[in-house]
Amino acid sequence: MRRTDDTPPPPTTTPKPKPVSGGPVDRAGPGRGRNAALAGLALAVLASTAQAVPAAAAPPRSDGAVRAAEGVTDPGPVRRCLDLPLVNGDGERAGGVHPALPTDAGTLRAALDAVRAAHVAPSRYRALLWQYWLVRAADDAGIELTGWAPDRGVEANRRTVVAVYAYYGALFLRHPELRWAGMANLAGPSFAAGFMDLDMVPDLARLLAGRIAAQPPEARDRLPTEVRDLARDGTGLTDLELGWFAARLLAMQKHIFMDQAAMHAAYLYGGTAATDEMRSAGLIDAAAAASWHGIAGHRPQDVDAANTQLLSREQNQIIAGQWDRMRARLGPVGGLVTYAITLAGSVSVPGARTPAQYAPLTVATEPGVTSVRLITPLPAFNIADRARRWQYITGDTLPAYRRLLRERPAWTRTVVGSSLEDRIARERLAARWPELVTELVTGWRVEARL
């Protein structure tokens, strides 16, 4: 249902991230890595990573000589932070980027200072760099990374689900140029409601089957395969099967946070120097790095383009593969579940339309003596289709968000700062079921043409 309620929701408390520094890359806090122990670690790393540093940059001493001279007995902890694979880069598991990395910002910061001082190539410490900015963001959001495990299901992660969107809202409220974060906060409740309500897919399938059966045979036979699969097989889905899909949606939420929140934290604490370092490390591409320079320039058209690029990165690079895997799951099962998500999905961005409202499905029989055209209340696409999803976002949801920023900025900020629990509750199927049933029962129309 399109959101038109003009009554501002009540305010809620959200985390307060610190303002962008505008200065050089955030280093080690007090002392900025200049104490003797950290200098020793840096030299130890320098001696153990000679391939990353020109020979003239380091004195011709052995590892042992450097450690003895600087009082460093074990450079191993820092060395073990290099060349780590991004084993949890898609957010499917508990914890951060790699299980060997700590989740304490101070420890990570000291290790970063050491490898930077040793002039190690950023590509070698990219896992460490990502983990550091991810931890900074998680700390600001009040999220415990080690306990964030998508496979544990919705209820075990419920507090984190809410904290993610509250963090995005806090970013936007303190830094209005971070428009991606504002849109993520507004759209988040409908996404959260989606994975909280997957257990109602069989009920939705049962309702859909009844309505399809009432349509002319020549028209219903031309309905897309995923629509017919949902009506035929959706009623038999088990809690175990649906739990797998819920975990994947939770992983998408975490994956987005790992990417976008880490970039936002880097920019806020270290400016474009920090995001450029992420680019040098291979964590973000040239388009994402350029976006942060566009935001930093504060020109309205550049800010808008930059945030749109971040949105494209989220949808077309970060989670696109996860949507693809969901849709391909167990033959027809993935397609019918992702179509059910599309059909039942709401949209919590005020003024935006649901997928079915944006692109209603219409089918027609072949021309003959009499042709039949069936207009349905169903969406004409599957949200897991990346091209159609992006077309929907840029054709409806993003323009609705831009209208809010342009025409009702103060009210939009009020909504962003309101209770996320209340907004999620309004998007749950339990709250929308009577309306959805009415649409699915009365929204069919048959036109016969001679």
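In a reduced charge model with +1 at each Lys and Arg Cβ and -1 at each Asp and Glu Cβ, the range 297-408 shows a dipole moment near 140 debye about its Cα centre.
Note the direction-averaged projected area, equal to a quarter of the hull surface, for the Cα convex hull of the range 224-334, in nm². Could the numbers behind the result be given before it?
Values: hull surface 36.3 nm².
Directional mean of the projected Cα hull area for the range 224-334 stands at 9.1 nm².
Return the whole-Å distance between the Cα centroid of the range 114-191 and the Cα centroid of the range 79-98. Comparing the Cα centres of the range 114-191 and the range 79-98, I get a distance of 15 Å. Got a sec? Charge dipole of the range 73-153, +1 on Cβ for Lys and Arg, -1 for Asp and Glu; which of Pro150, Gly95, Gly106 is way out at the positive end? Checked the options; the winner is Gly106. Leu440: net charge of surrounding residues, Cβ under 12 Å, Lys/Arg +1, Asp/Glu -1, itself excluded? Result for the neighbourhood of Leu440: 0. Taking one quarter of the surface of the C-alpha convex hull of the range 136-292 gives a mean projected area of 11.9 nm². Remark: C-alpha extents of the range 261-393 on the principal axes read 68, 37, 26 Å, sorted largest to smallest.
Considering only Pro350, Trp444, Ile375, and ranking their Cα positions along the charge dipole of the range 333-450 that arises from unit charges at the beta-carbon of Lys, Arg, Asp and Glu, the one farthest toward the positive end is Pro350. Taken about its Cα centre, the range 186-237 carries a charge dipole of roughly 180 debye when the Cβ of each Lys and Arg holds +1 and the Cβ of each Asp and Glu holds -1.
No value in this document is a laboratory result; all are computed from the given coordinates. Computed from a prediction, not measured in an experiment: that's the story for all the values here. Positions of Cβ are generated from backbone atoms using ideal geometry, with glycine treated the same way; all protein chains shown enter the neighbour counts.
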